[in-house]
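The values are calculated or read from the model by the stated rules, or taken from the named source; none is laboratory data. These figures come from a predicted structure and were not determined experimentally. Methodologically, a virtual Cβ is constructed for each residue, glycine included, from the backbone with ideal geometry; neighbour enumeration extends over all protein chains shown.
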Amino acid sequence: MGKPRPFLNLILQSCLIFGFACILAAVFFLFRGQSFPLVPDSQYIQVKADSVLAVNGQQIHPVSYRQLNKLLSQGNAALIDVRSANAFSRGHIPGAVSIPLSDLYLNYDLIETLQAEYRIVITYCDSPDCMESLSVAYELQMFFPEIYYYVGGWNEYKSR
Amino acid sequence: MNTKADNIPKALEILSLIVLSMVFFFSGITKFMDPSQFVLETYYYRILPIGTLHILCAVLIMLELLVAFSIWVPRFRAASAFIISALMLMFIVFIGSAMARGLDISCGCFGAHSQQVGWSKIGENTVLLLCSLAVFIKNYPIKK
């Protein structure tokens, strides 16, 4: 009978478990496809991460396409399109109201109406490069207990 | 004969098994449901390169789910406890690093249910590390 090698067995079995986890991760990537690619979009992550960390006080959370739909399906979220009125009229996410950043102070009545009806607000603009949705979200902190901004924006939504 | 294993009561081993498997299953499943959020929370630590985040996070999620079950298999119990101990050490180092740099971030432990980094998280992870070490000592050396 060979000499027992407990440490070698430990390493081999640990590698076996780790290897199986890697295989499962590969299957995970196959099923997830474009929504969770092998190599992430660095700019996308940086924009999301830096914008959340830059906001003091109440946290404003970035949401993905899937999270947006989940919040909207719950029925207690107001959706605000912060692009210009022209851009809004050319196309917008169903259920959104237009409150451009430039006209924010002209729409306080509308904001108060939304505040009476919803406890969650989600803002969006064109794309991750557009920071206006975060700017509006920052201004709305005093009105809503939960604030999100849809990072992908209209460009991602219409492509889905 | 593993004499150190005899010092650890069987009840403690079983309790540790239950705690570790439940914690890692819950941790893995919450991250599995929203891997993008977990990637973001991992990025906040500013330790790992962005390009590797998806791969490392996916492997970690699967590893957590796997060890939550494999620790119940006697043949793989010591190896699973070894992996869990390594993971807990890594988490403690990451959280300590974030605290040292003054980062007020979510620990990313349980997805949306995560707490902020702090001494309580280090304490929790230390307890889990001790549990995994107890299981490891009880089951090492591995018999063929």
message: Just checking, does the stretch B:32-52 include any residue being in contact (Cβ under 8 Å) with a residue 24 or more places away in the chain, part of a loop (DSSP other than H, G, I, E, B) and acidic (Asp, Glu)?
response: yes
query: Looking at (1) more than 11 Å from chain A (Cβ to nearest Cβ); (2) surrounded by 15 or more Cβ atoms within 10 Å (Cβ to Cβ), can you tell me which one B:Tyr45 breaks?
result: (1)
- request: Just name the residue that is modelled with the lowest pLDDT out of those in the stretch B:95-104 that are out of contact with any helix residue (DSSP H, G or I) (no Cβ under 9 Å at 6 or more places or on another chain) and away from chain A (no Cβ under 13 Å).
  value: B:Ala100
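Where in the stretch A:56-123 are the strands (runs of 3 or more DSSP E), entirely inside, with at least 2 residues that are under 15 Å from A:Ser135 (Cα atoms)? First the steps, then the outcome.
Numbers: elements: A:61-63, A:77-81, A:96-98.
In the stretch A:56-123, A:61-63, A:77-81 are the strands (runs of 3 or more DSSP E) which contain 2 or more residues that are under 15 Å from A:Ser135 (Cα atoms).
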- request: With respect to B:Ala86, determine if the residue is in a helix (DSSP H, G or I) and surrounded by 21 or more Cβ atoms within 10 Å (Cβ to Cβ).
  value: no
- request: Considering each residue of the stretch B:68-80, count those that are more than 7 Å from chain A (Cβ to nearest Cβ), of a type outside the set (Gly, Ala, Ser) and part of a helix (DSSP H, G or I), and give that number.
  value: 4
message: I'd like to check something: does the stretch B:9-27 contain any residue that is in a helix (DSSP H, G or I), closer than 19 Å to A:Ala21 by Cα, over 14 Å from the mean Cα position of the chain (by Cα) and at pLDDT 85 or above?
response: no
query: Does B:Ala86 satisfy being more than 13 Å from the chain's Cα centre (by Cα) and of a type in the set (A, V, I, L, M, F, W, C)?
result: no
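Determine whether A:Tyr105 is loosely packed, with under 15 Cβ neighbours inside 10 Å and out of contact with any Phe, Trp or Tyr (no Cβ under 6 Å at 6 or more places or on another chain).
Values: loosely packed, with under 15 Cβ neighbours inside 10 Å: yes; out of contact with any Phe, Trp or Tyr (no Cβ under 6 Å at 6 or more places or on another chain): yes.
So A:Tyr105 passes the test.
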query: Does the stretch B:55-87 hold any residues that are farther than 17 Å from B:Asn139 by Cβ and in contact (Cβ under 8 Å) with a residue 40 or more places away in the chain, and which are they?
result: B:Glu64, B:Leu65
query: Give me the pairs: first residue in the stretch A:8-34 and within 8 Å of chain B (Cβ to nearest Cβ), second residue at pLDDT below 90, beta-carbon distance under 7 Å, and six or more apart or on different chains, which are they?
result: A:Asn9/B:Ile142; A:Asn9/B:Lys144; A:Leu10/B:Tyr140; A:Leu10/B:Ile142; A:Gln13/B:Ile142; A:Phe29/A:Phe36; A:Phe29/A:Leu38
